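Chemist: I'd like to ask some things about the structure below.
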Amino acid sequence: MRLSVIGCGYVGLVSGACFADFGHDVACVDKDAAKIGALRRGEIPIYEPGLEDLVATNARQGRLTFGEDIAAAVGGAAAVFIAVGTPSRRGDGHADLSYVYAAAREIAGALDGFTVIVTKSTVPVGTGDEVERIIREARPDADFVVVSNPEFLREGAAIADFKRPDRIVIGTTDPRAREVMSEIYRPLNLNQPPLFFVDRRTSELVKYAANAFLATKITFINEIADLCEKVGANVQDVARGMGLDNRIGGKFLHAGPGYGGSCFPKDTLALVKTGQDADSPLRLVETVAAVNEQRKRAMAKKVIAACGGSVRGKTIAILGLAFKPNTDDMRDAPSLAIVTALEDGGAKVRAFDPASMDHARALMPGVAFCEDPYQCAEGASALVIVTEWDPFRALDLDRLAKAMDSRVIVDLRNIYRPEEVRRRGIKYVGIGLPT
Ligand SMILES: NC(=O)c1ccc[n+]([C@@H]2O[C@H](COP(=O)([O-])OP(=O)(O)OC[C@H]3O[C@@H](n4cnc5c(N)ncnc54)[C@H](O)[C@@H]3O)[C@@H](O)[C@H]2O)c1
C-alpha cells in the first residue's frame, strides 16, 4: 500500500520506518528541511536504538522516502498519517493543535481518490471532527475519512513497541476506513495484536486516559516513597508487595524524581483542560500534575540536604539528563528543574549523559558537560543519578569515591543497593528507603 506520514519526529519516523518494513511504500514528509536533508543522507536526527538500521534498510530497498512536499507525498496514498507535534499551548496548557490543523490544510489540497486521514498525534477529543471540517471546507469534492489511531510507543523501545504492540486502537465507524486500517496493520497478524475498533472520540480519549493513568501510578508510588522516608519503610519492597497483586501489576511503580518527557506532562495537562471545558473536572489528574511538578524541584532539596544543607560554591555531578534511558529527548526532563534549582542554590553543576548532551547544552548554559561519569565526579561534593542509563548501573564506586571531594551519592532511581555503596565509605541517599 502507498502510505504517507506527515512529521518525522519520534513517532512519525518510527511509524514510517516500521510501515515500510511491513512492506508498504512510505513517503515521509517534514517541513524541517535540515531534518529531511539529514534523513536523505542516512543520518537519524534522534537517538532511538535500532532506528538507523531500519531506516537504512528500507530506504535502500526503495520503500521509504523523505521529502518536504506534502502534496507530492499525499497524492495517490491510501492513508496519510498525521504525526506532527501537539505540545502544550503556551499559557493555558491546552494541546497546541496548530501543527495538526496546518497539516490538515496542506493534505486537503493534495487529496486524490479515496484517502484515509489518520491522526496518530495525540489529540484532544473532538480534534478529528475539526480536521474533517477543515478538509471538507477546503475540498468539498474529496472522498476521505478521518480516523484516530493513537500511538503508544515508548521512546527507547519504540521499534519493538510499534511492531509488537499490546493493542492498536482505531477510531472509526466507517467500513471503508476500517478495511484500509486493517490492511495496513495486517502484517502484524502473526503476533495477533488486538485491533481495537471504537468510535473516533473514544479512541482520542483512550490515549489520554492511558497516559494519565500511568502518570497517576508513578505519582502514587512517589508519594508513598516520601511516606516511607518519614516512617522508616522501604518503597521498593512496598512496590513489589503491591505489584505482585495481578490487579495492580508491578510496572510503573518505580519511585523516582517525577515523570517527565514529551508525553505525560503535556498530556495530563491537556486532559485536565478537556475535563474543565466539558464541565467534568478530573481532580485526580489535576492533583497528579501538580504533585509531579513540585517533585522535580524537591529532588534538588534532597541533594542540598545530602550536602549538609547548602550547595553554595560546591560542585554537583549529575549523571543522566534525558527524561529516561535510551533516548536523547530532553522535553520536560526532571534534570532541567533539578539543575536549575541546584544552580539557584549556588552550585556549580557538571553533567554527563550518553546521548542527550547535544540537546542539553542549549537548555543548560551554566552546566559543564563531561566525557564520562568519572570525569564528571571529579571534585564533586555529591554525585546525583537522575536517569537510570545501563552504563550507570555498574560504575566503579571506588574510582568515583576517589575522584569526588565529598563521598555522597544521591540515587534518584534506586539503582544501587545502599549497603553496597555505604560499604565503601560513601554516603548513600536513595528514594523512599530507610536510612
Ligand atoms: N514521542 C513519543 O514518545 C510519543 C509517543 C506517543 C505519541 N506521541 C505523540 O505523537 C505526536 C508527535 O510526537 P513526536 O515526539 O514525534 O514529535 P516531534 O516534535 O519529535 O516531531 C514532530 C515533527 O513534525 C514536524 N512537523 C510539524 N508540522 C508539520 C507540517 N505541517 N508538515 C510536516 N511536518 C511537520 C516537525 O518539524 C517535527 O519534525 C505528538 O502528538 C505526541 O504527543 C509521542
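The values are calculated or read from the model by the stated rules, or taken from the named source; none is laboratory data. A quick note: this is a predicted structure, and the numbers were derived from the prediction, not measured. When we count neighbours, we look across all protein chains shown, and the Cβ atoms used for this are built from the backbone with ideal geometry, even at glycine. With ligands, DNA and RNA removed, areas are computed over all heavy atoms of the protein, side chains included. Shrake-Rupley method; radii C 1.70, N 1.55, O 1.52, S 1.80 Å.
Chemist: About its Cα centre, what dipole magnitude does the stretch 208-292 give when the only charges are +1 on Lys and Arg Cβ and -1 on Asp and Glu Cβ, stated in debye to the nearest 20?
Modeler: 180 debye
Chemist: Moving on to the next point. Any cysteines in the chain with zero other Cys Cβ atoms under 4.7 Å from their Cβ? List them, or say none.
Modeler: Isolated Cys, the chain: C8, C18, C28, C228, C263, C307.
Chemist: Per residue, how much accessible surface does the stretch 296-392 expose to a 1.4 Å probe? Answer in Å², no decimals.
Modeler: Heavy-atom SASA per residue in the stretch 296-392 reads 37 Å².
Chemist: Let me ask another. Which of P391, P87, P49 moves most in a GNM of the chain, Cα contacts under 10 Å?
Modeler: P391
Chemist: State the extension gain, in nm to one decimal, for the chain segment bounded by A33 and E286, taking 0.36 nm per residue of separation less the distance between their alpha-carbons.
Modeler: Length gained, A33 through E286: 87.3 nm.
Chemist: Let me ask something else. Mean separation of Cα pairs under 8 Å and 6+ residues apart, divided by the residue count of the chain: what relative contact order is that in percent?
Modeler: Taking the mean separation of contacting Cα pairs over the length of the chain, I get 12 percent.
Chemist: Accessible area of the chain with a 1.4 Å probe: how many percent of it is carbon plus sulfur?
Modeler: The C+S portion of the solvent-accessible surface of the chain is 50 percent.
Chemist: Considering the chain as a Gaussian network with a 10 Å cut-off on Cα pairs, which listed residue, G258, G425, G75, attains the greatest mean-square fluctuation?
Modeler: G425
Chemist: Follow-up question, since we're still on this one. On C-alpha positions alone, give me the angle between the axis of helix 334-344 and the longest principal axis of the chain, in degrees, nearest 10.
Modeler: Its long axis makes an angle of about 40 degrees.
Chemist: Taking H as built 1.01 Å from N, whose amide H comes closer than 5 Å to the amide H of V384, not counting residues under 5 places away?
Modeler: A317, I318, L319, V410
Chemist: OK, next. List the equivalent ellipsoid semi-axes of the stretch 276-435 in whole Å, largest first, each obtained as the square root of 5λ for an eigenvalue λ of the Cα gyration tensor.
Modeler: Working through the eigenvalues yields semi-axes of 27, 18, 16 Å.
Chemist: Express in whole angstrom the spacing between the alpha-carbon centres of the stretch 264-334 and the stretch 395-435.
Modeler: 23 Å
Chemist: Given V421, G366, M242, which one lies farthest toward the positive end of the charge dipole of the chain, if we put +1 on the Cβ of every Lys and Arg and -1 on the Cβ of every Asp and Glu?
Modeler: Result: V421.
Chemist: Considering every pair of different Cα atoms, what Kirkwood radius, in Å, is found for the stretch 379-431?
Modeler: After inverting the mean inverse Cα-Cα distance, the result is 10.9 Å.
Chemist: Between the alpha-carbon centers of the stretch 220-238 and the stretch 340-373, tell me the distance in whole angstrom.
Modeler: What the calculation gives is 29 Å, centre to centre.
Chemist: For the pairs K217/K273; K251/K348; K273/K301, flag any whose C-alpha to C-alpha distance is greater than 27 Å.
Modeler: Among K217/K273; K251/K348; K273/K301, the Cα-Cα distance tops 27 Å for K251/K348; K273/K301.
Chemist: Percentage of Cα-Cα pair distances in the chain greater than 36 Å, rounded to whole percent?
Modeler: Percentage above 36 Å: 32.
Chemist: Still on this model: To the nearest 10 degrees, how steep is helix 175-184 against the longest Cα principal axis of the chain, on a 0 to 90 scale?
Modeler: Taking the Cα atoms of the chain, the angle to 175-184 is about 50 degrees.
Chemist: Right, another one. What net charge do the residues around E43 carry, taking every other residue with its C-beta under 15 Å from that of E43, with Lys and Arg at +1 and Asp and Glu at -1?
Modeler: Once positives and negatives cancel, what remains is -3.
Chemist: Now for a different question. Which whole-number percent gives the relative contact order of the stretch 290-435, counting Cα pairs below 8 Å spaced six or more residues apart?
Modeler: Taking the mean separation of contacting Cα pairs over the length of the stretch 290-435, I get 23 percent.
Chemist: What is the distance in Å between the Cα centres of the stretch 8-75 and the stretch 154-215?
Modeler: 21 Å
Chemist: If you roll a 1.4 Å probe over the heavy atoms of the protein chains, what accessible area per residue do you get for the stretch 171-243, in Å²?
Modeler: 54 Å²
Chemist: Ok, one more. How much accessible area per residue does the stretch 66-109 have, in Å², with a 1.4 Å probe?
Modeler: Heavy-atom accessible area per residue stands at 41 Å².
Chemist: Within a Cβ distance under 12 Å of R312, other residues only, what is the Lys/Arg minus Asp/Glu net charge?
Modeler: Net charge in that neighbourhood comes out at 0.
Chemist: May I ask for the angle, rounded to the nearest 10°, between helix 127-138 and the longest principal axis of the chain, with both axes built from Cα atoms and the value confined to 0 to 90°?
Modeler: 40 degrees
Chemist: Let me spell out the model: positive unit charges on the Cβ of Lys and Arg, negative unit charges on the Cβ of Asp and Glu, origin at the Cα centre of the chain. What dipole size does that give, in debye rounded to 20?
Modeler: It works out to roughly 1220 debye.
Chemist: Let me ask something additional. Given contacts defined as C-alpha pairs under 8 Å and at least six residues apart, what's the relative contact order of the stretch 110-154, whole-number percent?
Modeler: 59 percent
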